[in-house]
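A short write-up of the structure that comes next.
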Amino acid sequence: MCGIVGIIGGGPVSRLIYHSLFSVQHRGQSSAGMLMYDGNIHVTKDPGLVREVFNEDRKINVSGNVGLGHTRYSTAGMDDIKSLRHNAQPEYLVNPFLAAVHNGNIFNIDEMLKLTDRKPRTDCDIHCFLLPLADKIYKKELNPDIIFNSCKFIMERLKGSYSALFLADSGDNPYLFAITDPYKIRPLVLGRSDGNYCLTSETRVFKKINFEYVKDIPGGSVVIIDSKGNIFEKQVIKKQEKPCMFEFVYFAKPDSRINNRSIHNVRFELGRYLAKKYPVKADIVIPVPESGRHYATGYALESGIPIDEGIMKDKDERSFIQQTQESRDKVVEEGLSYLRSVLNNKRIVLIDDSIVRGTNIRKLIRGLKEAGAKEVHVRIGCPPLIAPCYLGIDMRSKKEFIARDGNGNIKKWEVICKEIGADSLFYTDIEGLKKAIRSNDICKGCIDFPGGYPSEWEKEVIELSKKDKKGTRAYESNRSC
């Protein structure tokens, strides 16, 4: 999972991209980068948050009327600083000039790299696009038809999720173009303002840079924008879209929309659903900040139990997307404090979006009880996570999930409840999730394995699951690159 942004227009766009990156920072905290093009290539990228990568020593105002930006969430390669620097995006080639950023995950990497003699210089699956695509446009004078045909060739062979942006040069007319996987698992939207056009991961970017939302880009599409503002679009592969359910319950920010569905409204409705289906006698509803807030609002409204702030968050980092267990623990330990005056002698409904490893929820329940809570009843907006995601969420092994036991069997909720120290525990079910998203067509492989994946990939994800080893990613286990 990453945040991507591409902007093209009639004047310098580097500052627009810089501000956009803050709006997609939540999608990736491993590294940040920006590439601007004015006939020369200007790249800044490094491990860290946007505010750390683009500091006083880094130029934010860079010439170029077209550029790409990226915030990376590591789903490939090692997680040490050297590897994170090595794999930071945007990535580019010079012959021909082609730059790219990517959100998603490709699991037939070796197959794709056999299409080219070029050698990848990073561990990222971005080279599955970049290298074969460069071969297809090499020594050609670019025009929309060549881009459409070249992208179609690549897209017909890719397996996995992708919303990817590219920047290519054709004399005095550079192109910004995008491709989306046929199932549209990862979001991509188009906005515009005063002759400038933006393609990015979430609609919230447009509020930050004062752009107007135009549309969600359909699955299986190629969208091309030239420097004059001409837009060319084709849906080269058409299938039933299956957006990632985890975008709705965790990854996207609540002020964004996916396929015209408000993320806030989805989470609010899931909170109401939990209150109706799993009521409990309690004194206050406490959200886990910030991830449980919108669920808790819905729960409180439906149940009539007042909502209050019993947990204070001191840091901006998201614990789930930290690279190591040590860093996840550190965010939880250092980033939270408890309000005894709110919690003491109270029966509490603790609301969060999901439980993956159980790291956070155990510490939260212990902290609440140490602060005087009499009972802690946990309600979770996402069904139990039981399987790794092979499409862009870094849940590496089924052995990491608290919902599975040491033999790989799915635990009863009562068992998990006891393990985390709660007085009761209930999750949203899959039907409730579909109802809140208002779609039966969602990718839900991590909560319904293997049937939750697109059916054409079921055999392949089962094979990937067989390679599952704790701490490693199955799709990288036999990488030849």
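The values are calculated or read from the model by the stated rules, or taken from the named source; none is laboratory data. What you see is a predicted model, and the numbers here were worked out from it, not measured in a lab. Cβ atoms come from the backbone with ideal geometry, glycine included; neighbour counts cover every protein chain shown.
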Residue 61 vs. criteria over 18 Å from residue 393 (Cβ atoms) and modelled with pLDDT under 95: yes
Do you know which of the residues in the range 394-428 that are outside any loop (DSSP other than H, G, I, E, B) and among the hydrophobic types (A, V, I, L, M, F, W, C) is farthest from residue 72 (Cα to Cα)? 415
Look at the range 333-351 and say how many of its residues are modelled with pLDDT under 95, surrounded by fewer than 19 Cβ atoms within 10 Å (Cβ to Cβ) and within 24 Å of residue 423 (Cβ to Cβ). 2
Which pairs turn up if I take residues in the range 82-97 that are in contact (Cβ under 8 Å) with a residue 40 or more places away in the chain and look for partners that are acidic (Asp, Glu) with beta carbon separation below 7 Å, at least 6 apart in sequence or on another chain? 85/46; 87/123; 88/46; 97/169
I'm told residue 122 meets every condition in (1) within 21 Å of the chain's Cα centre (by Cα); (2) loosely packed, with under 15 Cβ neighbours inside 10 Å except one. Can you identify the failing condition by its number? (2)
Can you pull out the residues in the range 255-282 that are in a loop (DSSP other than H, G, I, E, B) and over 19 Å from residue 199 (Cα atoms)? 278, 279, 280, 281, 282
Of all residues in the range 103-128, count the ones that are farther than 29 Å from residue 251 by Cα and of a type in the set (A, V, I, L, M). 2
For the range 196-214, what are the residues that are farther than 19 Å from residue 166 by Cα and either among the charged types (D, E, K, R) or modelled with pLDDT under 95 (or both)? 204, 207, 208, 212
Got at least one residue in the range 283-290 being in contact with a Leu (Cβ under 7 Å, 6 or more places away or on another chain) and not in a loop (DSSP other than H, G, I, E, B)? yes
Among (1) over 20 Å from residue 235 (Cβ atoms); (2) surrounded by fewer than 21 Cβ atoms within 10 Å (Cβ to Cβ), there is one condition residue 211 misses while meeting the rest; what is its number? (2)
Single residue of the range 217-244 satisfying the filter (assigned to a strand (DSSP E or B) and of a type in the set (S, T, N, Q)) that is surrounded by the most Cβ atoms within 10 Å (Cβ to Cβ): 221
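For every residue, the table says whether it meets (1) modelled with pLDDT under 95; (2) polar (S, T, N, Q).
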residue: 13; (1), (2): no, no
residue: 19; (1), (2): no, no
residue: 30; (1), (2): yes, yes
residue: 34; (1), (2): no, no
residue: 65; (1), (2): no, yes
Which one of these does residue 72 not meet: (1) basic (Lys, Arg); (2) farther than 30 Å from residue 170 by Cβ; (3) buried (at least 22 other Cβ atoms within 10 Å of the Cβ)? (2)
List every residue pair whose Cβ atoms sit under 8 Å apart, with the two residues 6 or more apart in sequence or on different chains, where the first one lies in the range 395-413 and is at positive phi and the second, anywhere, is crowded, with 18+ Cβ neighbours inside 10 Å. 408/398
Subset tally (residues that are closer than 28 Å to residue 163 by Cα and either touching a helix residue (DSSP H, G or I) at 6+ places or on another chain (Cβ under 9 Å) or surrounded by fewer than 23 Cβ atoms within 10 Å (Cβ to Cβ) (or both)) for the range 247-284: 23
Taking the condition among the β-branched types (Val, Ile, Thr), under 24 Å from the mean Cα position of the chain (by Cα) and not assigned by TED's automatic domain parsing to the domain that holds residue 364, does residue 288 pass? no
I'd like the residue in the range 27-42 that is buried (at least 23 other Cβ atoms within 10 Å of the Cβ) and farther than 15 Å from residue 74 by Cβ and, out of all such residues, is farthest from the chain's Cα centre (by Cα). 37
Residue list for the range 370-385, filter: part of a loop (DSSP other than H, G, I, E, B) and touching a Ser or Thr at 6+ places or on another chain (Cβ under 7 Å): 381, 382, 383, 385
Is it true that residue 116 is part of a loop (DSSP other than H, G, I, E, B), within 30 Å of residue 461 (Cα to Cα) and not charged (D, E, K, R)? yes
Does residue 51 satisfy being over 27 Å from residue 169 (Cβ atoms) and assigned by TED's automatic domain parsing to the domain that holds residue 120? yes
Pick from the range 196-212 the residues that are assigned to a strand (DSSP E or B) and either in contact with a Cys (Cβ under 8 Å, 6 or more places away or on another chain) or touching a residue at least 40 places away in the same chain (Cβ under 8 Å) (or both): which of them is farthest from residue 175 (Cα to Cα)? 200
